[in-house]
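Q: This is the structure, below, for whatever I ask next.
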Amino acid sequence: MAKKKKHIKKQIYIIPTAIIVILVMIYLFLCILAGSNDFMSDMNINGINVSDMTKDQAVEAIENQYKKDSQNISLTYKANEKDYIVNLKDNVSFDAKKEINDIYDKIHGSFLTKGYYYLFEKDYTTSLEVKDEKKLLEELKKSKLLDVDSKKNTTYQLGDSEVIFTKGTSGEKVSQEDILNQTHQALENYDLHTPIECQLVKSELSDNEMIDLHKKLNQKGQNATLKLDKDYNYEIVDSKDGVSFTLEDAQSAYNKASEGEEFRVSAKINKAKIDKETLKKNLFKDVLGEYTTYVSGSSVRRNNVRLAGIKCNKIMLPGETFSYNDTVGQRTTANGFGKAAAYVNGETVDEVGGGVCQASSTLYNAVLYANLQVVERTNHTYISSYVPLGRDATVSWGGPDFKFKNNTDYPIKIVVSYNGRLNVKIYGTDLEDTKVEITCQRLSTIAPKIKYEKDDTLEEGTEKVEEKGSNGAKCQTYRKVYKNGKLVSTSKESYSYYKPHQRVVLQGTKKKEEKKDKKNDKKNDNKKPTNNNQKPTDNQKPE
């Protein structure tokens, strides 16, 4: 009986051991079988069956797959039941050879692990990597995915003497960190087609919301205006009403209000006069002022006038001041100007930029007729020929400037053209049918001084006018303004003093030649002397 029990006990140990040995032998056989090829039976990489492929064939197959996918590589995200597509083209990197080698090394790393991979791991994926995280974030922003937020911020509307607020409500928003993590995970798994479900997190109202609203609202009113670029292209910027209220009162009311509840804060409200639609309707619709002068002189002078004029083409916003020197720039050959006649210290000389004062004077007259505010103006030393008395404006680099201000409520545009005549038009908005009359009162005429100069080419007692000279003058210019046909103002515009041009007279210093008495000379020639030693009489002259 004891022997029988002992035999049974041995069988209990022998059977499991045999089973284990058999399983081990089977596993070892599988390890041998798994290592017979580059890849195992029924093995897939990125969904491609590579069982019968060599490593090089697998690399080629995966590369072809990526080439096809990379033509329009993108990921789809789902948030609040809406799809957002993010473009990843040109922003992912892929090394098929490295990826296949990594998989190969993993499954062939150890003889004893081959059987495990043969039995349990049949599906593998290669990894894609983002090349530029900054570019990825830009694409996420472009898709508007990062804007997903159901929170409602506090809103407001302006009353006559108060601001009416409606407190915002909390909500849910996407998590940028979660989106980036899921993006990298999808690329790591070569999963380009499964939509990514975005996890939403709570979106709270900002603790500084009322502080930010106070900064935004508590400011002076601003009419609609223009946003200009360097070439004077523009877009209309809407108006802002002026609002003034106390932050402490607003914060207290905000804290007491429940989410979604309305509360009111006392305020001073100054409504803007010109809103976006009003500005758009009236922008540059009227010619406020226009003036034209005929341009004479050499071709260089005419080009100087033309060049200076067209440099004045610009748009001025309300309150801006125009400087002729700053706008036209220094008159140099590098800036396109040439030498032409100009007055320097009372003398006519050839100077680079000669003639640019005609452009400034033409502009000055257009400004007067546009009823704009003149800030700085200087008359010439002598009376100009191309504009009426008292209506010139001399300029010089580093010297006198011509400045005026857009003192209207609307933008103005200066348009200068040239075709032998220089024409300046100033466009703006005139809602009162404004007309301007410019008159000039000559206070006195200043006669030129006469300068006498000796000239030895002229005979004594004779004179010749070398330079005619010209009168100078003192004058007062006036501006009369009419609106809707009625005279509303008469003001002194400018006082001008012009020097006279000096008159130069040449006086002869050449001695007169003595005239001979031809009749007596002829008689003496016919008379023969009788005595060579005889002295001449008083009527005779020695030869």
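Q: So, counting K/R as plus one and D/E as minus one, what does the shell of residues with Cβ under 12 Å around L487 add up to?
A: +4
Q: Follow-up. For region 202-249 and region 80-105, write down the distance between their C-alpha centroids in whole Å.
A: 44
Q: State the Cα centre-to-centre distance between region 407-431 and region 301-338 in whole Å.
A: Centre-to-centre distance over Cα atoms comes out at 14 Å.
Q: Could you order the peptides 85-97, 194-206 from most to least packed, using the average number of other C-beta atoms within 10 Å per residue?
A: Descending packing order for the listed peptides: 85-97, 194-206.
Q: Same structure again: Which net charge results when you count Lys and Arg as +1 and Asp and Glu as -1 among the other residues whose beta-carbon is under 9 Å from that of I45?
A: Overall, the nearby charge balance is -2.
Q: Sticking with this structure for a sec: Where the accessible area of region 333-406 is counted over protein heavy atoms with a 1.4 Å probe, how much of it, in %, is carbon and sulfur?
A: Answer for region 333-406: carbon and sulfur cover 44 percent of the accessible area.
Q: Here is a follow-up. Which order, highest average first, do 292-305, 475-488 follow once you tally other Cβ atoms within 10 Å for each residue and take the mean per peptide?
A: 292-305, 475-488
Q: Mind listing P(r) for region 425-473? All alpha-carbon pairs, 10 Å bins, whole percents.
A: Once binned at 10 Å, the Cα pair distances of region 425-473 give 16, 24, 16, 15, 13, 9, 6, 0.
Q: For region 261-267, what does the Karplus curve 6.51 cos²θ - 1.76 cosθ + 1.60, with θ = phi - 60°, yield as ³J(HN,Hα) per residue in whole Hz, taken in order and with x for Gly and Pro?
A: Rounded to whole hertz, the list is 8, 8, 9, 10, 10, 5, 7.
Q: Another question about this same structure. Going by amide H atoms built from the backbone, whose H comes under 5 Å of the H on D241, apart from near neighbours?
A: Here Q222, A272 satisfy the definition.
Q: Accessible area per residue, 1.4 Å probe, Å², for region 351-438: what's the number?
A: Roughly 37 Å² per residue, with all protein chains present.
Q: Another question, then. Taking amide H positions as placed in the peptide plane 1.01 Å from N, state which residues far from E172 in sequence (5 or more) or on other chains have amide H under 5 Å from it.
A: Amide H neighbours of E172, under 5 Å, 5+ apart: S150, K151, S203.
Q: Let me ask something else about it. Summing +1 for each Lys or Arg and -1 for each Asp or Glu, what net charge is found among the other residues whose Cβ lies under 12 Å from the Cβ of L506?
A: Neighbour charge sum, excluding L506 itself: -2.
Q: From the phi of every residue in region 385-393, what ³J(HN,Hα) in whole Hz does the Karplus formula 6.51 cos²θ - 1.76 cosθ + 1.60 yield, where θ is phi - 60° and glycine or proline is x?
A: Karplus-based 3J(HN,Hα) across region 385-393 equals 8, 9, 9, x, 4, x, 10, 10, 9 Hz.
Q: Hey, can you grab everything whose amide H is under 5 Å from the amide H of L506? Only 5+ residues off in sequence or another chain; H modelled, so Pro and N-termini drop out.
A: Here the answer is E453, K464, V465, E466, since their amide H atoms fall under 5 Å of that of L506.
Q: Now, a different point. Using per-residue counts of other Cβ atoms within 10 Å, averaged over each peptide, order 318-328, 445-455 from highest down.
A: 318-328, 445-455
The values are calculated or read from the model by the stated rules, or taken from the named source; none is laboratory data. Bear in mind that the values here come from a model prediction, so they are computed numbers and not experimental data. Note that we place each Cβ from the backbone using ideal geometry, even for glycine, and neighbour counts take in every protein chain shown. When the accessible area is computed, the model is the full protein with side chains, heavy atoms only, and any ligands, DNA or RNA have been set aside. Shrake-Rupley method; radii C 1.70, N 1.55, O 1.52, S 1.80 Å.
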